[in-house]
Each structure stands twice: as structure tokens, then as C-alpha cells.
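Data first, discussion second: the structure below is written as C-alpha cells.
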Amino acid sequence: SGCPLPPVPMQGGALPPEEELKATVLQLRETVLQQKETIGSQREAIRELTGKLSRCEGADGKSAAGAWKNEVGKGKDTMGDLPRDPAQVIDQLSRTMQTLKDRLESLEHQLRANVSYAALPPDLREMLQRRLGDLERQLLSKVAELEDEKSLLHNETSAHRQKTETALNALLERVSELEKGNSAFKSPDEFKVSLPLRTNYLYGKIKKTLPELYAFTVCLWLRSSASPGIGTPFSYAVPGQANEIVLIEWGNNPIELLINDKVAQLPLFISDGKWHHICITWTTRDGMWEAFQDGEKLGTGENLAPWHPIKPGGVLILGQEQDTVGGRFDATQAFVGEMSQFNIWDRVLKAQDIMNIANCSINMPGNIIPWVDNNVDVFGGATKWPVETCEERLLDL
């Protein structure tokens, strides 16, 4: 890419000074023309470089290298196809800009080596210097623009990578939550426990235990279509008495309430696959009990473990009947279905309060055992899921 000077034909001996100056001017004009061609080549290379940067910025999910190859193949290619990796693109741009700078410096050196500045008129010499200065400034300005675009491309690539990584991390966290079956609920009580199989290893456990009780009310929502019998929605066992409190429907028997291993049959019918609200009250005085389904009292009785206080410090299990404290489950007695809003109070609730809870008029957490997410653990494949709203459960009745 140099600027060789054309030989000046010599005719005879030495030329007169006027002829020598004229030959020098002709040589200078030829040099200027070659410089113009070189400048045109430099400008064409810069335009191609700018076009390639624009295509790199405009690429959206497509292979930029293929697009550049198709376009550049139509004309002169001074860089070759850009690599696919943005880091390699930036390195290639840096090398190309350095090449342009080197070509300009070579042009200046060759011009100074081949043309005797001392032999040129001062005006022409100043004009050449101005032209060279303008060319250098234009090239340096374009190089600065390309470096800014290179930096912008690098920043955009880093920002896009960071945004993608953030989205992937959020998605992985959500998938992990779903795999664990512990999705975040809107409030601590808006969840249900699902026990889909009749086994001896799926169950839930209440972390809190019961104090000594002389009366209680137990309420819960449940849905089951298991046959025969829905199994054991809950059981409370203490040392020396595995059947301290048990609610069970086993085989073709009616649903039963056991207190201190004494039995009362309840007139409840809940194995139709729909949501039902169940409440049971009991007091040690005369062993009085009541059974409510969907807010209505369906039965009452007495002499169920009269004058026997409920013993404290036991284990409360959801979905299994305990033969020993916290264990020895029998698959034939397991609950199959879903349950929610399991609450226990240390008193007999009024019938109107039970009706209001069942028809979604009020929300009354149990003062002994409230239904909150961090108080319920699940085991063996039992899961916790967001529950239908109270109104949706009412529509299922």
C-alpha cells in the first residue's frame, strides 16, 4: 500500500531548473493521485467496518456471521467474515483499526522517503502537510467512533447475558419450589394437604402438641371419594393411649369418634368427592359431643369418655391412625383425599360460630392448634398446595 514515484524520463543530460521543477510537479501530482486512491480504499474499508458493526448490533437471535458473509461477498472484503463470538468480534475490530493506523503511518514514511520536501515550493509543501493532517484527523476520529461502538457492543452483550442469567435463575428457583411441593402461599392458612394414595407412609404432622383439655372443638375442610371408607382424617396419641382422639371411617362402618379408646358413631356423610366442612365438639362433663357438617348440627350424644381429661404432650397426625405414638400406621386405615383449615379450640364453640365458619362469614383460627403453613410438616409423598377459596369450596357442596 505504498506510494512509489513514477520514473521521470531523462532526455540527454541534466535538465534546466525549470524543466526539473516541472518534472517534480508532475511527480507530486502522480503522488497525490495515488494518495487519493489510497484514501478512497481507506474510506471503503471504514464504511465496510461501520456496516459490519451495524449488522452486529441489529442481529436478533440470528447468526450474524452468516449475514455478514452474504453481504460482504458482493463487494470487496477487507476483514473477512466476523467470528460468531462477540469477544472475537471486538478483537477483530481492534486488529483492523490498528491495521488502518499502520497503513497511514506507512503512507507518510514513503512519501517523505520518495519526495524531497526541500525541492518543493513552500506553498505546495504546506498544502501536502495540511492534506495529510486532515486525513490523519479524519482517520483518528473514525477510529475513536469505532472504539466507542466496540465498547457499546461489549456493554450490551454483557447486559443481555446478565439479564438472561437472572431470568434463568428465577425460573430455576420457581421449578425447585414446585418440585418440593412447598409453593409460597398468599397467607399462612391458604393451603391444603394432599394424600392421594392409601399407604402407610403418606401423612402430615402437626408440630404443636395439645395441652390438657377438658373440652375441645375440632373443625376442618376435607374432600374424599375413597371407598370403602375415607380412612383417618386425624389421630392424637399419647404415651399409654394410642387412641386418645381419633376420627375414622374404616371399611363399611360409619364414621366414628374415639376418645380414650371409647367410641361414638357420628351421622356424617363425606365420601362423595366434594368439599365438606366438619366440626366436632366434646366436653368431659358427661362426655357430651356434637357433630356438624357444612354448618348444620346432624347429631349429638353423651357418655363418651365422661370426666376424662385429654392428656397433654402427645403427637397429632393427619391422614393416619396411630397404633403407637407417632407410628405403626395401617394402610387400610389411611385417609385418601385432601384437607385444609384443621383448627382446634379448647372450648365448645357455639353453633352460630360453627355456621359462620362453614359459610365463610368469619375466619377463626384455633386458639390451641391454628392452621398455618409452618406448623404442618408432610412426609412420604404427601404435598402442600394452594387451596381453593372458601367461596369456591362452598360451590362444591
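Return the total of residues in the stretch 42-51 being free of Cβ contacts under 8 Å to residues at least 60 places away in the same chain and open to solvent by 30 Å² or more (accessible area, probe 1.4 Å).
Our first condition is that a residue be free of Cβ contacts under 8 Å to residues at least 60 places away in the same chain; within the stretch 42-51, this holds for 43-45, 47-48, 51.
So of that shortlist, the ones also open to solvent by 30 Å² or more (accessible area, probe 1.4 Å) come out as 43-44, 47-48.
Residues that pass the stated criteria total 4.
Taking the criterion of being closer than 30 Å to Leu171 by Cα and either outside the structural domain of Leu316 (by the TED database) or open to solvent by less than 10 Å² (accessible area, probe 1.4 Å) (or both), the only residue of the stretch 203-236 that qualifies is Gly204.
Have a look at Gly313, Gly337, Gly366, Gly319 and point out the one that is crowded, with 16+ Cβ neighbours inside 10 Å and within 26 Å of Arg285 (Cα to Cα). Step through it out loud before you land on a result.
Details: Gly313 fails: crowded, with 16+ Cβ neighbours inside 10 Å; Gly337 fails: within 26 Å of Arg285 (Cα to Cα); Gly319 fails: within 26 Å of Arg285 (Cα to Cα).
None of the other options fit; the residue is Gly366.
Ser225 meets all of the listed conditions (1) under 17 Å from Ile368 (Cβ atoms); (2) modelled with pLDDT of 80 or more but one, namely (1).
Among the residues of the stretch 306-315, is any free of Cβ contacts under 8 Å to residues at least 40 places away in the same chain and over 17 Å from Phe234 (Cα atoms)? Break it down into steps so the answer makes sense when it comes.
Within the stretch 306-315, the first condition is being free of Cβ contacts under 8 Å to residues at least 40 places away in the same chain, and the residues that meet it are 306-307.
Remaining after also requiring over 17 Å from Phe234 (Cα atoms): 306-307.
Scanning the stretch 306-315, I find at least one residue that is free of Cβ contacts under 8 Å to residues at least 40 places away in the same chain and over 17 Å from Phe234 (Cα atoms), so the answer is yes.
Here Arg328 fulfils each of the conditions (1) farther than 24 Å from Lys262 by Cβ; (2) modelled with pLDDT under 95 apart from (1).
Considering the stretch 247-262, and only residues there that are out of contact with any Asp or Glu (no Cβ under 6 Å at 6 or more places or on another chain) and in a strand (DSSP E or B), the residue that is modelled with the lowest pLDDT turns out to be Glu249. Of all residues in the stretch 342-382, those satisfying the criterion of being within 15 Å of Asp189 (Cα to Cα) and among the polar types (S, T, N, Q) are Asn343, Asn363, Asn367, Asn374, Asn375.
Reported count of residues in the stretch 300-313, each being among the small types (Gly, Ala, Ser) and either in contact with a helix residue (DSSP H, G or I) (Cβ under 7 Å, 6 or more places away or on another chain) or at pLDDT below 95 (or both), is 2.
Cβ-Cβ contacts under 7 Å between residues 6 or more apart (or on different chains), taken from a first residue in the stretch 217-243 that is touching a residue at least 24 places away in the same chain (Cβ under 8 Å) to a second residue that is among the hydroxyl-bearing types (Ser, Thr, Tyr) and in a loop (DSSP other than H, G, I, E, B), are listed as Ser224/Ser271; Ser225/Ser271; Ala226/Ser271; Ser227/Ser271; Ile230/Ser224; Ile230/Ser271. Evaluated against (1) open to solvent by less than 20 Å² (accessible area, probe 1.4 Å); (2) more than 23 Å from Lys205 (Cα to Cα), Phe342 falls short on exactly one condition, (2). Residues in the stretch 369-397 that are closer than 30 Å to Gly326 by Cα and among the polar types (S, T, N, Q) were compared, and the one that is most open to solvent (accessible area, probe 1.4 Å) is Asn374.
Going residue by residue through the stretch 255-265, is there one that turns out to be open to solvent by 10 Å² or more (accessible area, probe 1.4 Å), assigned by the TED database to the domain that holds Asn367, in contact with a Phe, Trp or Tyr (Cβ under 9 Å, 6 or more places away or on another chain) and free of Cβ contacts under 8 Å to residues at least 40 places away in the same chain? The answer is yes, given that some residue of the stretch 255-265 is open to solvent by 10 Å² or more (accessible area, probe 1.4 Å), assigned by the TED database to the domain that holds Asn367, in contact with a Phe, Trp or Tyr (Cβ under 9 Å, 6 or more places away or on another chain) and free of Cβ contacts under 8 Å to residues at least 40 places away in the same chain. Would the stretch 349-358 turn up any residue that is closer than 19 Å to Val238 by Cβ, in contact (Cβ under 8 Å) with a residue 12 or more places away in the chain, outside any loop (DSSP other than H, G, I, E, B) and touching a Gly at 6+ places or on another chain (Cβ under 9 Å)? No, every residue in the stretch 349-358 fails to be closer than 19 Å to Val238 by Cβ, in contact (Cβ under 8 Å) with a residue 12 or more places away in the chain, outside any loop (DSSP other than H, G, I, E, B) and touching a Gly at 6+ places or on another chain (Cβ under 9 Å).
The values are calculated or read from the model by the stated rules, or taken from the named source; none is laboratory data. None of the values given here were measured: they were computed from a predicted structure. Every residue, glycine among them, receives a Cβ derived from its backbone with ideal geometry; neighbour counts consider all protein chains shown. Accessible surface is based on the protein model in full, side chains and every heavy atom, while ligands, DNA and RNA are left aside. Shrake-Rupley method; radii C 1.70, N 1.55, O 1.52, S 1.80 Å.
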